[in-house]
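The structure appears right after this line, and notes come after that.
The values are calculated or read from the model by the stated rules, or taken from the named source; none is laboratory data. Since the structure is predicted, the reported quantities are computational estimates derived from the model, not experimental observations. Here the Cβ positions follow ideal geometry from the backbone for every residue, glycine too, while neighbour counts run over all protein chains shown. Just so you know, the surface numbers come from the protein's heavy atoms only, side chains and all, with ligands and any DNA or RNA stripped out. Shrake-Rupley method; radii C 1.70, N 1.55, O 1.52, S 1.80 Å.
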Amino acid sequence: MSWNFVRSPTRFLQETFRDFALRAQLEEYERWWEERGKAISSFIDRLGTPWLRMFDRFGNRVDEIQYPPEYWEMLQTGYKAGAVWRVFEERTLLPFYLFGYVTSFYDPGVYCPYTVTLSTGVPLWKYGSEAVKTKYLPPLLRRDGNAWQGATWMTEVKGGSDLGASVETVARPQGDYWLLRGEKYFASNVGADVAVVAARPEGAPPGVRGLALFLLPRRLEDGRLNYFIRRLKDKIGTRSVPTGEVELLDSVAYLLGKPEWGIYLILEVLNISRVANSIGSVALAQRAIQEALAFSEGRVAFGKRILDHPLLHQQFEERVRTLQLAFALAWEAVQLLDEVWLETPRYSGRYHLFRLVAHLAKYWTAEVAVQTAKWTMEVHGGAGVLAEYSVERLLREAMILPIWEGTPHRQILDGLEVMERREAHHQLFLHLAPYADREALQEMDERVRSHLALPPEEKEAQAEGLFGALAEFTAACALRRLYTRS
Ligand SMILES: Cc1cc2nc3c(=O)[nH]c(=O)nc-3n(C[C@H](O)[C@H](O)[C@H](O)COP(=O)(O)OP(=O)(O)OC[C@H]3O[C@@H](n4cnc5c(N)ncnc54)[C@H](O)[C@@H]3O)c2cc1C
């Protein structure tokens, strides 16, 4: 079997789809990464955490993130190519996920700025007032190398899983804007020109129902800083996106949508980024297999290339198969999101089907990324742990994928909830039926039903086995669907 298609992200897309939108643009983008981006990305990773310049020479707060100029070249190349603006021009999310696949093959950290910028632009476009939209959306869509960036800040110091209990940032109304006071503990793409931020309007009820979503500009009309960066996080991976702590000291912000819709809007933001995480995870797994392939073609042991030893050969077969399954599952989530992303509350049944598939995809693909990166390191033997080979970086990058955008526990429990409360599994089985073995489908349906009938504690405690099996089953059907179409 030829595995040549794992050597390049666009070749993998071509193998999967036969033909796909924006092929020429994506190939050009890939060429840029090969010729320039790869070296810049590896330099940025080795450089480690960027430096935060907090004060200018006169002692004024400036809170600038200091990166070498090449960093901005790397970042703006994707913005210029259309990782974000094409979504608004073409009214489809597909370009964002296709560019994201190529980006993440080379640097999953850089996909984060594009993701959070899109996740800022979409709620602004859907829910912002005309005045706010007119002011802040066009700069996010610039194509001239000076695109503004967005960010999505929900998590506070008490934790990210239970936002209803941990978000303590308070919002006070001031006419047509609000003042936010509080702190964000994990703020990726910090330094962004605008961010969407979760806060609780004064007097709102406790729990997630009392949260609202706001648009927060970095600067006020007179140029003063509107939020402050306390410090940057020193991270094991995704070093090509700065993550910091943010202080909101009566920061001016604009409400998006109705206050009581806040939690729905927060979930809409997460929908985009969880699917992006799934696409990024698959791209990272492909990169890991590509690195393993290149190494095992050159390394000789016991008289032949290690690739030609039956045990390793078989492992390659299985890894490539898992990669294809993972891509099919992630792409299923992409397609469903592309159907429902313009919906507003109250959502359709299709939206809840999407949510279930997105939880399955986020959960399963991130685990595939981690396991594939670990295996690639093993294939490299001792060389795998050396910084001069690129595979130790893959494992560091991969370890973040299951955690941000909601941990595996969160995906499993939210997936369980959407099955219980919205019966999304019925929709899922109807959706998959044309591509499923009838008996296997019945068995899975039966397994889900009996699981949902368990007493609450047991249902939660035993959920992981079911969720993993449902993810693999969905992936297998999605792969059949993909190949039937292409
Ligand atoms: C590099 C990086 C960048 C990030 N950037 C951003 C950002 O830009 N914006 C943002 O808002 N957030 C960001 N985050 C935060 C991220 O979303 C959170 O780390 C994540 O949601 C988990 O929250 P936590 O770390 O506070 O863990 P906690 O919520 O404290 O959870 C700790 C552990 O408890 C488990 N747990 C919690 N509840 C349950 C339960 N009911 N059952 C079983 N187990 C449970 C969790 O799964 C986890 O394993 C970032 C995180 C990282 C690592």
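Asp107 passes every criterion in (1) over 16 Å from the mean Cα position of the chain (by Cα); (2) within 16 Å of the ligand (Cβ to nearest atom) apart from (1).
Give segment 441-461 a look and list any residue that's within 23 Å of Arg355 (Cβ to Cβ) and surrounded by 12 or more Cβ atoms within 10 Å (Cβ to Cβ), or say none. Residues satisfying the conditions are Leu441, Met444, Asp445, Arg447, Val448, Arg449, His451, Leu452, Leu454, Lys459, Glu460.
One line per residue, one yes/no per condition, for (1) open to solvent by 10 Å² or more (accessible area, probe 1.4 Å); (2) out of contact with any strand residue (DSSP E or B) (no Cβ under 8 Å at 6 or more places or on another chain); (3) outside the structural domain of Trp341 (by TED's automatic domain parsing):
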position: Glu64; (1), (2), (3): yes, no, yes
position: Trp72; (1), (2), (3): yes, yes, yes
position: Pro95; (1), (2), (3): no, yes, yes
position: Val102; (1), (2), (3): no, yes, yes
position: Val110; (1), (2), (3): no, yes, yes
position: Tyr114; (1), (2), (3): no, yes, yes
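Scanning segment 330-344 for residues that are part of a helix (DSSP H, G or I) and more than 19 Å from the chain's Cα centre (by Cα) yields nothing.
Take Leu401 and decide whether it is of a type outside the set (D, E, K, R) and under 30 Å from Thr152 (Cα atoms).
When the stated conditions are applied, Leu401 passes them.
In segment 155-176, the residues that are of a type in the set (Ser, Thr, Tyr) reach residues that are near the ligand (Cβ under 8 Å from one of its atoms) with C-beta atoms within less than 6 angstrom, at least six apart or across chains, in these pairs: Thr155/Tyr185; Thr155/Phe186; Ser161/Arg410; Ser166/Lys158; Ser166/Gly159. In segment 229-255, the qualifying residues are those that are closer than 21 Å to Tyr177 by Cα and in contact with a Lys or Arg (Cβ under 8 Å, 6 or more places away or on another chain), and the one that is nearest to the ligand (Cβ to nearest atom) is Val246. Contact map, segment 233-244: residues that are open to solvent by 30 Å² or more (accessible area, probe 1.4 Å) and of a type outside the set (D, E, K, R) paired with residues that are within 7 Å of the ligand (Cβ to nearest atom) and modelled with pLDDT of 95 or more, Cβ distance under 9 Å, separation 6+ or inter-chain. Pairs shown: Ile236/Ile400. The listed residues are Ala171, Ala151, Ala147, Ala131, and the only one of them that is small (Gly, Ala, Ser), over 26 Å from Thr92 (Cβ atoms) and open to solvent by less than 40 Å² (accessible area, probe 1.4 Å) turns out to be Ala171. When restricted to residues that are open to solvent by 20 Å² or more (accessible area, probe 1.4 Å) and among the hydroxyl-bearing types (Ser, Thr, Tyr), segment 154-168 contains 2.
Just one of the listed residues (Ala204, Ala195, Ala187) is under 16 Å from Gly257 (Cα atoms) and in a strand (DSSP E or B), namely Ala195. With the condition kept exactly as written, say whether any residue in segment 398-405 is open to solvent by 90 Å² or more (accessible area, probe 1.4 Å) and of a type in the set (A, V, I, L, M, F, W, C). The answer is yes; a qualifying residue exists.
Can you find, within segment 166-175, the residue that is nearest to the ligand (Cβ to nearest atom) among those that are in contact with a strand residue (DSSP E or B) (Cβ under 8 Å, 6 or more places away or on another chain) and outside any strand (DSSP E or B)? If we take residues in segment 166-175 being in contact with a strand residue (DSSP E or B) (Cβ under 8 Å, 6 or more places away or on another chain) and outside any strand (DSSP E or B), then Ser166 is nearest to the ligand (Cβ to nearest atom). Filtering segment 1-17 to residues that are surrounded by fewer than 13 Cβ atoms within 10 Å (Cβ to Cβ) and among the aliphatic types (A, V, I, L, M) leaves only Met1. As for segment 114-122, it holds at least one residue that is within 13 Å of the ligand (Cβ to nearest atom) and over 21 Å from Leu248 (Cα atoms). Among the residues of segment 130-158, those that are aliphatic (A, V, I, L, M) and within 16 Å of the ligand (Cβ to nearest atom) comprise Ala151, Met154, Val157.
Quick grid of which residues meet (1) within 29 Å of Trp153 (Cβ to Cβ); (2) under 27 Å from the mean Cα position of the chain (by Cα); (3) not polar (S, T, N, Q):
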| site | (1), (2), (3) |
| --- | --- |
| Leu394 | yes, yes, yes |
| Gly406 | yes, yes, yes |
| Leu454 | no, no, yes |
| Lys459 | no, no, yes |
| Ala476 | no, yes, yes |
| Arg480 | no, yes, yes |
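Being more than 16 Å from the ligand (Cβ to nearest atom), of a type in the set (Asp, Glu), open to solvent by 10 Å² or more (accessible area, probe 1.4 Å) and modelled with pLDDT of 95 or more is a condition met by no residue of segment 18-25. Taken as a whole, segment 181-201 holds at least one residue that is more than 16 Å from the ligand (Cβ to nearest atom), touching a residue at least 40 places away in the same chain (Cβ under 8 Å), open to solvent by 30 Å² or more (accessible area, probe 1.4 Å) and under 29 Å from Asp56 (Cα atoms). Only one of the numbered conditions (1) touching a residue at least 12 places away in the same chain (Cβ under 8 Å); (2) under 22 Å from Tyr136 (Cα atoms); (3) more than 12 Å from the ligand (Cβ to nearest atom) is violated by Asp222, and that is (1). I'm told Trp33 meets every condition in (1) aromatic (Phe, Trp, Tyr); (2) open to solvent by 30 Å² or more (accessible area, probe 1.4 Å); (3) touching a residue at least 60 places away in the same chain (Cβ under 8 Å) except one. Can you identify the failing condition by its number? The number of the failed condition is (2).
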